[in-house]
Amino acid sequence: MRLSYKLGIAAVVLLLPCISAYPGELAILRNGFAIRYERREARNTVTRLYLTGTSNDYVHVPTREIVRFQVEELDLPEIPVPSLPPSDTLDEAISAASTRNKIPCEPAKQHIGRGTRGGAPHS
């Protein structure tokens, strides 16, 4: 095989996973609905919207029902960060966790105290 052919195959294999990471496009309809599609073809009075990358997964929409096309915006939700009260010592942190989870404090302290010796786990 020629080197350029091999490089072309390697480029396709490496770039193929990146394609799905990009946002698709939306067809905004008169009734307020939006249809996400990968590509589109205008055919006389209808527009064929391909829903996936395959050529057999499409839907026909009357062209007059489409108001506009737009790029899909990815709205990533904000992930709340739990706020923990500051603890000065390990004993205070254990006591706060024990109170919050309604478990006895002393067994937790004993278990944590046995867990490490000199920074190395002890079984």
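Couple of notes before you dig in:
- Count of residues meeting criterion [under 25 Å from the mean Cα position of the chain (by Cα) and modelled with pLDDT of 85 or more] in region 59-104: 3
- Lone qualifier among Gly24, Gly8 - being among the small types (Gly, Ala, Ser), surrounded by 12 or more Cβ atoms within 10 Å (Cβ to Cβ) and at pLDDT below 90: Gly24
- Selection count where residues are charged (D, E, K, R), out of contact with any Ser or Thr (no Cβ under 6 Å at 6 or more places or on another chain) and over 16 Å from Arg30 (Cβ atoms), scope region 40-71: 4
The values are calculated or read from the model by the stated rules, or taken from the named source; none is laboratory data. The structure presented is a predicted model; accordingly, all values stated were derived computationally and were not measured. Don't worry about glycine lacking a Cβ; one is built from the backbone with ideal geometry, like all the others, and counts go over all protein chains shown.
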